[in-house]
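The values are calculated or read from the model by the stated rules, or taken from the named source; none is laboratory data. Computed from a prediction, not measured in an experiment: that's the story for all the values here. Note: ideal-geometry Cβ built from the backbone for every residue, glycine included; neighbour counts use all protein chains shown.
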Ligand code: SAM
Ligand code: SF4
């Protein structure tokens, strides 16, 4: 039996793609191993969202070249789709290059490799099929991902995703809901609906559901206790989605709504297709919906032409929204993207300076916000146990990490739900003690 090793870089979409690839490989008779050394086949599932992420895979390929003399190397995912056959020039020991839209042909590609073919590619984006795999090897026994939409039609000026993941293709609502029911039957209680832009979900079947309707239907699947979704584009984020969350506690009170900048000029150059006011209207829907929805976002600093005043507008948006968490990045030039031709690209030192200021500003907001949780009782899903601190690791519906002490014996809590009183708060997590029931 051939053994494979897989390393995954990047976002949840990639993590879930790897689960599907692993499922495929196992059904084809391969077995997974935990170390590079033990493998015959080495897969890198790659990310190209920023230059640093892309360089990681080339460093890996370089570092392991000698040690992997007898191994077959496969580069899959976004770098594979973006660089295509150029990967064979940069790393001649690679034998397979495939983008995510070709994973349904992976078995055929592996047959070609087994037959001794040294250069196999799967780079077509020209597919209507979404990746419905017969088997998905899931990493977590309690929380599962379900892809509802692949690709992206938005073309934001800085972003490589439309080139690496191709145009949008939605799965039928029937297939999504069947997968959710199967997962519930297997004992999963939490699912996360995935897509680059879940809000533009359009059911291709006669049921014709939009995203809010799909969310409502998923919220009715017996056995599911928590439903999350990511990522949302503000333009397609409707009031109907907020209403669905307000009505059903199974739909988690956390929304990740990437904004990228607080300045209208920058948003317009980014081709984001909304203004700050339009974004704030969506935030107001959530703040006034009757449920305490945690808000998180993404920012890019140092986009070409971002002035000091534009950056100040971003800081003022942090204060206005008071996010629960923020993911912030320095703008990184990406191949093929419209932003490359903009003038006034900024030097790295200034981008770093702005990033540090933004992160420190947000840290203070999180310290303040999280302090407000002390004394509250929260329901957590238990994800693990930290031997070093003796604390269980829990996650709240709002997606906050809540580490807690549990005094009654060494009962296995992982995968269970319990209530915890928050006693301490830091910028990135909460701590507490379980409440006896
Ligand atoms: N589809 C999602 C959206 O519209 O927000 C997210 C896609 S991307 C995987 C996640 C985040 O990476 C984006 O929200 C953006 O902040 C960041 N990002 C994308 N391209 C970037 C670039 N060229 N440089 C820096 N950050 C980038
Ligand atoms: Fe990239 Fe914009 Fe699509 Fe998100 S919506 S994946 S940022 S192009």
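Remarks
- Candidate set from segment 196-212 (those that are over 22 Å from the mean Cα position of the chain (by Cα) and either farther than 30 Å from residue 49 by Cα or crowded, with 20+ Cβ neighbours inside 10 Å (or both)); member that is farthest from ligand 1 (Cβ to nearest atom): 206
- Just one residue in the set 57, 75 is under 23 Å from the mean Cα position of the chain (by Cα) and assigned to a strand (DSSP E or B); that residue is 75.
- Residue match in segment 335-342 (condition: over 23 Å from residue 284 (Cβ atoms), within 16 Å of ligand 2 (Cβ to nearest atom), in contact with a strand residue (DSSP E or B) (Cβ under 9 Å, 6 or more places away or on another chain) and part of a loop (DSSP other than H, G, I, E, B)): no
- Of all the listed residues (317, 295), the sole one being away from ligand 2 (no atom under 16 Å from the Cβ), under 24 Å from the mean Cα position of the chain (by Cα) and part of a helix (DSSP H, G or I) is 317.
- Odd one out for residue 215 among (1) away from ligand 1 (no atom under 16 Å from the Cβ); (2) touching a residue at least 12 places away in the same chain (Cβ under 8 Å); (3) surrounded by fewer than 21 Cβ atoms within 10 Å (Cβ to Cβ); (4) under 23 Å from residue 154 (Cβ atoms): (3)
- Inside segment 20-53, residues that are crowded, with 16+ Cβ neighbours inside 10 Å and farther than 25 Å from residue 70 by Cα make up a count of 6.
- Residues (in contact with a helix residue (DSSP H, G or I) (Cβ under 6 Å, 6 or more places away or on another chain) and either in a strand (DSSP E or B) or more than 14 Å from ligand 2 (Cβ to nearest atom) (or both)) located in segment 320-332: 321, 322, 326, 328, 330
- Any hit, segment 382-392, residues being surrounded by 18 or more Cβ atoms within 10 Å (Cβ to Cβ) and outside any strand (DSSP E or B): no
- Residue ID - nearest to residue 146 (Cα to Cα), chosen from residues in segment 231-245 that are at pLDDT 95 or above and buried (at least 18 other Cβ atoms within 10 Å of the Cβ): 232
- None of 102, 107, 181 is at pLDDT below 95 and surrounded by fewer than 20 Cβ atoms within 10 Å (Cβ to Cβ) except 107.
- Identification of helices (runs of 4 or more DSSP H) wholly contained in segment 135-241 with 2 or more residues that are within 14 Å of ligand 2 (Cβ to nearest atom) and closer than 26 Å to residue 107 by Cα yields 161-165.
- Within segment 78-94, the set of residues being surrounded by 16 or more Cβ atoms within 10 Å (Cβ to Cβ), out of contact with any helix residue (DSSP H, G or I) (no Cβ under 6 Å at 6 or more places or on another chain) and within 18 Å of residue 41 (Cβ to Cβ) comprises 80, 87, 88, 93.
- Answer residue from segment 244-267, given it is part of a helix (DSSP H, G or I) and away from ligand 1 (no atom under 16 Å from the Cβ) and is nearest to residue 326 (Cα to Cα) among those: 264
- Residue match in segment 12-34 (condition: touching a helix residue (DSSP H, G or I) at 6+ places or on another chain (Cβ under 7 Å), assigned to a strand (DSSP E or B) and at pLDDT 95 or above): yes
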